[in-house]
Every structure is written in C-alpha cells, then in structure tokens.
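*Asks:* My structure is below; once you've seen it, I'll send some questions.
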Amino acid sequence: MVKVAVLGYGTIGSGVVEVLVTNKETVTRNAGTDVEVKYVLDLRDFPGDPVESILVHDYQTIIDDPEIDIIVEVMGGTHPAYEYVKEALERGKNVCTSNKALVADYGPELVKLAKEKSVNFLFEASVGGGIPIIRPILRSLTVDTFYEITGILNGTTNYILTKMYDEGGSFEDALKEAQKLGYAEADPSADVDGFDAARKIAILSGLMYGKNLNFEDLSIEGIRHITKADMDYAKFLGKKIKLLGITYNIAGEIYTEVAPHMIGPDNKLYLVDDVKNGIELKGNLLGDTMFYGAGAGKLPTASAVVSDIIDEAKHLHTNIPIIWSDEPVKLAERGRHRSKFFIRVDRDCDDIKNQFEIEQLVTLPDYPDEYAVVTTEMTFADFYEKIGDKEHVRSIVQVK
Ligand code: HSE
C-alpha cells in the first residue's frame, strides 16, 4: 500500500481523487500495490464531500507523517508550492505535479534535489495536460537527436482562434465565450498573452536540450491583436492562425518563441482545433512524430498526474534519471531567425509592395481600403529593417 497526500482540492486535485477511485483496479494493477489518498490539503472546507474526513488545513501534518510516500502538488502558482515541494523532497518523499509555473521556474533544481535524495520529482501533466509528452521525450525517444519541437500548447487560445475561424467573430466575442465555458480565466492574460504556452515550450526545450531555459528570455507574442480581418485573409489564403510554441536547433543555433502563425493543411498542426493540443517532434532518425489530445481539463490532466503517481509507487526509493541541468540554454539572436510574414497595410501605401520580395498579394472586397502580402522567407533582422516605423501597417503575422 502506498499512501499519498494531495495538495489542493481544486479542479485537478478533485480529478486526481476521482481517478484513483474510478480507475482503482487499473491503478492497483499498474502500480503493483494499492494507492490510498490519506490526506487532502486545502484552505477551504468541503462539507459533505467524500474527502471531508481526510481534509487537513496545515501542511505540517502531511510532511511529518512517515506513512506518506508521495505528495501530489496540484495547488498551482509558485509559492508556497515551491517551498512545500522542496521540503517534501528534502525529507525523502516523492513529488508529482501538474504545475507548469513551478516546473518552468524551478524544474532543474527540484530534479537535482530528487536525485540527491533518491526519490522522484515528476511532472507529466505540466505540458499538454493528458497528452503523454514528457515521459516519451525522457524515456522513450532516447536515441534520436531532436532538432525541433512545435506545439499548440494552450487550449484556451486554440479554442478562441478556432471559434474566430469557424464563426467569423471577433477576438473579444470568442474570449467571452471561452470565459463562459470555463476555459479562460476572468483575467485571461496568462493564456491570451502567450505566457502559459511560453512556460510549456520552455519546459520542453529544457528537456530537449538537457539545459535550463527561462521562459522570460523567449520572444512571446500572444493573440490579442488577431482580428476578424486577419482571419478572413488567412482563410482566403487557405490557412488557419494558430498560437505556436516553437524551439529548434539548426547547426547549434537555438531559437525558441511563442507567436501566432498562419499555417496551411500541409502542416500537421492544421487540424488541431478547439481546446485540443498538438505537439510535433522532429528527430534525426524517427522523423516527425505527432502527439495529439486533451491539453487541459479535469480528468485528462488528472490521468497524467496519476500516471506519475504509479511511476513513483514503483520507484519509491529509486530515482528515475532526468537529464535537466541548470546550465542556461544559449539562444541565438532573434534577428537571425527566418520566417515568412503576412502584412496588412493601408491601400494607399505602396512601400510594402515595393520593398519586400512578395509571394502573394491579396485584396479582399470586404476590406477595400487595404491590401495584404505574404513575403518570401527572410530573417527577422531584414524584416524589421524594411518594415520601418510600421505607420501604415495594420497587422503582421508569421507564416509557415
Ligand atoms: N490554461 C491552460 C490552457 C490550461 O488553456 O491550455 C492547461 O495548462
């Protein structure tokens, strides 16, 4: 019998308790032992809830209990999650978490501490929700040299962009709908401004390179500025707009960013719609591999957390090695990165037509006072030099 404590009884925490009850037989078979939730930690009370009798309000009860082998951190936020997790590892307890903020900020340090203490710090649910992506990178695809990961890593923005594409509405209307359905928070910034996706691609990049990438060092562009007009042009061009987290390594030059991109049906992520996530890995032997599924949500995310509990139950006092040092990833200058660009501009401004090498020029009857171009591939440095002060430019979106 392995006893666990769940820190936080919100959406994911209650999902973890539910999964351990509803799939008890499968969990026991795969863990090789029963898994029992001995405590749930939360500041709130839950009268009448099945966890009422195991609810505690102080962490000390949990950390001081020698019967607790695994701590499941699903509180979210970095503090006090970091302090709780650190103390648990220091005291020889295994930890698993769905908390991408914690993993993005402290991953290498907590992985190292777990190794020193011969326990585990696992975080499958921190990227891609229920999609297995961390374990495949760390433990399955261990032979390939990966040179690119590109992902739709945020379900909320994917829902908003899909809705704008399907229904022709504005960003604001789609956001309101996402909030009504509970996908987007009242303050939607972490999702729509790209920070959530940035933390996730920073974690994946860190694991891909075995080094640490601070998400704040990335170029991060969200989707607030994407308009109905941008989407109409994208449709006309046979493309969709998707918020992509990208990291790639070309001859030792590493580039990582989060930004909306126009992508066509030739791109494997084109069909990843609604709240779904998709992640494409490119390796030198395996070629392209695609992971697709529920990137968020109570039960999918809880299922990933419980997969970590099972792994830890089988390795209670044996560290499963994770190569993730705190040495910083050295990023190439952004100006050296290459892309095609979609540019919408005032109809009476000829500069864009004349200054850029153009692949396509588009005018749409619904937008008589403007035109748009898709440039050929160029470096960001060239692009910014040519675009100048952007006075007549209405919109810029990268094109894949
Ligand atoms: N806000 C996140 C999303 C939740 O929309 O993808 C899962 O990390």
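Read-outs throughout are calculated quantities, based only on the coordinates presented, and are distinct from any laboratory measurement. All of these numbers come straight from a predicted model, not from anything done at the bench. As a convention, Cβ positions derive from the backbone with ideal geometry for all residues, glycine included, and neighbour counts pool all protein chains shown.
*Asks:* Could you please report the charge total around Thr376, scoring K, R as +1 and D, E as -1 over all other residues with beta-carbon less than 9 angstrom from its beta-carbon?
*Replies:* -2
*Asks:* Projecting each Cα onto the charge dipole of the range 135-220 (Lys/Arg +1, Asp/Glu -1 at the beta carbon, about the Cα centre), which of Phe195, Ile152, Tyr209 comes out farthest on the positive side?
*Replies:* Of Phe195, Ile152, Tyr209, it is Tyr209.
*Asks:* Can you compute the FRET efficiency between Lys235 and Ser189 using 1/(1 + (r/R0)^6), with r the Cβ-Cβ distance and R0 = 30 Å? Round to the nearest 0.05.
*Replies:* Calculated value: 0.65.
*Asks:* Another one. Enumerate by residue number the trypsin sites (Lys or Arg not before Pro) in the range 44-119 meeting two conditions: DSSP loop (anything except H, G, I, E, B), and at most 11 other Cβ atoms within 10 Å of the site's Cβ. Write down the numbers at each step before the final one.
*Replies:* Details: sites: Arg44, Lys86, Arg91, Lys93, Lys100, Lys112, Lys115, Lys117; in loops: Arg44, Arg91, Lys93, Lys117.
Within the range 44-119, the qualifying trypsin sites (Lys or Arg not before Pro) (loop, at most 11 other Cβ atoms within 10 Å) are Arg44.
*Asks:* To the nearest 0.05, what FRET efficiency results for Thr376 and Lys268 with a Förster distance of 25 Å applied to their C-beta separation?
*Replies:* Computed FRET efficiency for Thr376 and Lys268 comes out at 0.65.
*Asks:* Okay, next question. Using 1/(1 + (r/R0)^6) with R0 = 30 angstrom and r between the beta carbons of Asp326 and Thr33, what's the FRET efficiency to the nearest 0.05?
*Replies:* So the FRET efficiency works out to roughly 0.35.
*Asks:* What is the distance, in nm, between label points placed 7 Å from the Cα along the Cα-to-Cβ direction at His315 and at Lys180?
*Replies:* 4.6 nm
*Asks:* Express as a percent, rounded to the nearest 5, the fraction of DSSP beta bridges in the chain (both residues included) that run antiparallel.
*Replies:* 65 percent
*Asks:* Quick one: which residues, 5 or more positions from Glu221 or on another chain, have an amide H under 5 Å from its amide H? H modelled 1.01 Å from N in the peptide plane, none for Pro or chain starts.
*Replies:* Val258, Ala259
*Asks:* Based on other C-beta atoms within 10 Å, arrange Met231, Met290 from fewest to most. It would help to have the intermediate numbers written out before the result.
*Replies:* Values: Met231 26, Met290 12.
Sorted ascending by nearby Cβ count, the order is Met290, Met231.
*Asks:* Each residue of the range 381-389 in turn: what ³J(HN,Hα) in whole Hz from Karplus with 6.51, -1.76, 1.60 and θ = phi - 60°, glycine and Pro shown as x?
*Replies:* Once rounded to whole Hz, the list reads 4, 4, 4, 5, 5, 6, 6, x, 7.
*Asks:* Kirkwood-based Rg over Rh for the range 335-399 (C-alpha set), two decimals?
*Replies:* Rounded to two decimals, Rg over Rh is 0.95.
*Asks:* Note the angle between two axes, namely the Cα long axis of helix 298-314 and the longest principal axis of the Cα atoms of the chain, as a number of degrees from 0 to 90, rounded to the nearest 10.
*Replies:* Helix 298-314 sits at roughly 50 degrees to that axis.
*Asks:* Moving on. Step through the table entries Lys112/Lys211; Lys240/Lys268; Lys228/Lys386, compare each Cα-Cα distance with 23 Å, and write down the pairs that go over it.
*Replies:* Values: Lys112/Lys211 12 Å; Lys240/Lys268 12 Å; Lys228/Lys386 26 Å.
The answer is Lys228/Lys386.
*Asks:* So the label point goes 7 Å from the Cα of Lys3 along Cα→C-beta, right? Which residues of the range 39-79 then have their backbone N under 11 Å from it?
*Replies:* Only 39, 62-70 fall inside the zone, counting backbone N under 11 Å.
*Asks:* Here is a further query. State the Cα centre-to-centre distance between the range 181-198 and the range 20-43 in whole Å.
*Replies:* 31 Å
*Asks:* Tilt of helix 11-22 relative to the longest C-alpha principal axis of the chain, in degrees (0 to 90, nearest 10)?
*Replies:* Taking the Cα atoms of the chain, the angle to 11-22 is about 50 degrees.
*Asks:* Apply the Karplus curve 6.51 cos²θ - 1.76 cosθ + 1.60, θ = phi - 60°, to the phi angles in the range 101-107 and return the couplings in whole Hz, x for Gly and Pro.
*Replies:* 5, 4, 5, 5, 7, 10, x
*Asks:* Counting Lys and Arg as +1 and Asp and Glu as -1, what is the net charge of the other residues whose Cβ lies under 15 Å from the Cβ of Val2? Provide the component values of the computation, followed by the final result.
*Replies:* Working: positive: Lys3, Lys24, Arg29, Lys38, Lys93, Lys314; negative: Asp34, Glu36, Asp65, Glu67, Asp69, Asp308, Asp311, Glu312.
Charge balance near Val2 sits at -2.
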